[in-house]
Amino acid sequence: MNYTVTDFRMENIGRGRVIFYLLMFFAMMGWGASWVHVKYLSGYMQIHEIIFYRYLITAVSMIPVLFAMKIPFKISLKEVLYISIASVIMIVYTWLFIAGTKLGTAGLGGAFVTTLIPIMTFVLSAALGRKKISLTDTSALILGAIGVLTILNIWSFDARDIFRLENLYFVTAALSWAVLTIFGGGITRRVNPMSYSFYLYLIVAIIEGLFLTDFNTHITKLNSAVYINIFMLAIISTTFATSVYFTGAKKIGADKASSFTFLVPFSAIGLSALFLGEEISFGMIIGTIMALGAVKILNKKRY
């Protein structure tokens, strides 16, 4: 069989796309793994220390990435102000997400929060008049609500299990991220998403370092597993995952890139069971599938 130059190029494009899909898969695994890393780190470090080290390392590691991708660092003073506000919201979200994971399980948090965020974002956007809710959307929201309640095992009707403090943390974490998504959407229309992420992480680290973190933990006396987890949380779960995702949005389209995020709750559940020995309930799996189905319906007309 004779190959033309065009055939050779198409074959290379096909291989390149397969490789990129694999990178997207591992990026989503990295996002899901963040819950596992945080659960482990919360046993050795204070919450604000985890936030500080995570985002400081992330911001530093993003510098060569931005240079390599030829993304400008320059932003206006007004944009710095807006990103600073977003950074405060980011700190609130991260504190809640870590606090909930510390008290509860990483698998529950990963499934609950990552499915609740897009649903809450849709509802908030509708409340602000940015979206109109159709009959299909209403049905999807009901399906999502049932899915979320199933994840929380509400059908056991045990108030002690349903109204636990960690569940409150997870709900407010999802709400704060939904607010951040809507607020940050206005910024990323003017600033490259990678530049926005870099300054968001950098300003979070600065605020944490100057005002919120006590640094009571002797960082030099911790075991090597703590260092591995903090670097994995920063480099793999944040820098690598964020860079691949935003690159994917350009290369394969925002709709296909966003579909990969459906892997995140399942990776959080699976990795929590594998590395933390957490139990996976049937209700958690079914509820996650129902909630993700709702998210898919709600987002099908976005792109």
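The values are calculated or read from the model by the stated rules, or taken from the named source; none is laboratory data. Remember, predicted model here, so these are calculated numbers, not experimental data. Neighbour counts are summed over all protein chains in view; Cβ atoms, including those assigned to glycine, are modelled from backbone coordinates with ideal geometry.
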**OP:** Exactly one condition in (1) at pLDDT below 95; (2) within 17 Å of the chain's Cα centre (by Cα) is not met by Val36; state its number.
**Re:** (1)
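Check Leu152, Leu141 and return the single one that is over 22 Å from Ala59 (Cβ atoms) and either among the charged types (D, E, K, R) or surrounded by 20 or more Cβ atoms within 10 Å (Cβ to Cβ) (or both). Steps first, please.
Numbers: Leu141 fails: either among the charged types (D, E, K, R) or surrounded by 20 or more Cβ atoms within 10 Å (Cβ to Cβ) (or both).
It is Leu152.
Report whether or not Ile57 is buried (at least 18 other Cβ atoms within 10 Å of the Cβ) and under 21 Å from Phe183 (Cβ atoms).
Details: buried (at least 18 other Cβ atoms within 10 Å of the Cβ): yes; under 21 Å from Phe183 (Cβ atoms): no.
Against the criterion (buried (at least 18 other Cβ atoms within 10 Å of the Cβ) and under 21 Å from Phe183 (Cβ atoms)), Ile57 does not qualify.
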**OP:** Would you be able to tell me the number of residues in the stretch 260-302 that are modelled with pLDDT under 90 and polar (S, T, N, Q)?
**Re:** 3
Original post:
When the residues of the stretch 43-101 are filtered to those that are part of a helix (DSSP H, G or I) and charged (D, E, K, R), which remaining residue is nearest to Asn192 (Cα to Cα)?
Top reply: Glu79
Subject >> Top-ranked residue in the stretch 238-259 [being modelled with pLDDT of 85 or more and among the small types (Gly, Ala, Ser); ranked as farthest from the chain's Cα centre (by Cα)] >> reply: Ser243
Subject >> Out of Ile228, Ile235, Ile203, sole residue that is modelled with pLDDT of 95 or more, part of a helix (DSSP H, G or I) and crowded, with 19+ Cβ neighbours inside 10 Å >> reply: Ile203
**OP:** Could you list, in sequence order, all residues of the stretch 42-60 that are touching a residue at least 40 places away in the same chain (Cβ under 8 Å) and either under 29 Å from Thr247 (Cα atoms) or of a type in the set (Asp, Glu) (or both)?
**Re:** Glu49, Ile50, Ile51, Phe52, Tyr53, Arg54, Tyr55, Leu56, Ile57, Thr58, Ala59
Original post:
Would you say Phe112 is modelled with pLDDT under 95 and surrounded by fewer than 23 Cβ atoms within 10 Å (Cβ to Cβ)?
Top reply: no
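Per-residue answers, yes or no, for (1) of a type in the set (Ser, Thr, Tyr); (2) surrounded by fewer than 20 Cβ atoms within 10 Å (Cβ to Cβ):
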position	(1), (2)
Phe183	no, yes
Leu212	no, yes
Asn223	no, yes
Thr242	yes, no
Tyr245	yes, no
Ile252	no, yes
Ser259	yes, yes
Original post:
Just one of the numbered conditions (1) over 21 Å from Gly109 (Cβ atoms); (2) aromatic (Phe, Trp, Tyr); (3) surrounded by fewer than 16 Cβ atoms within 10 Å (Cβ to Cβ); (4) free of Cβ contacts under 8 Å to residues at least 60 places away in the same chain is not true of Phe282; which one?
Top reply: (1)
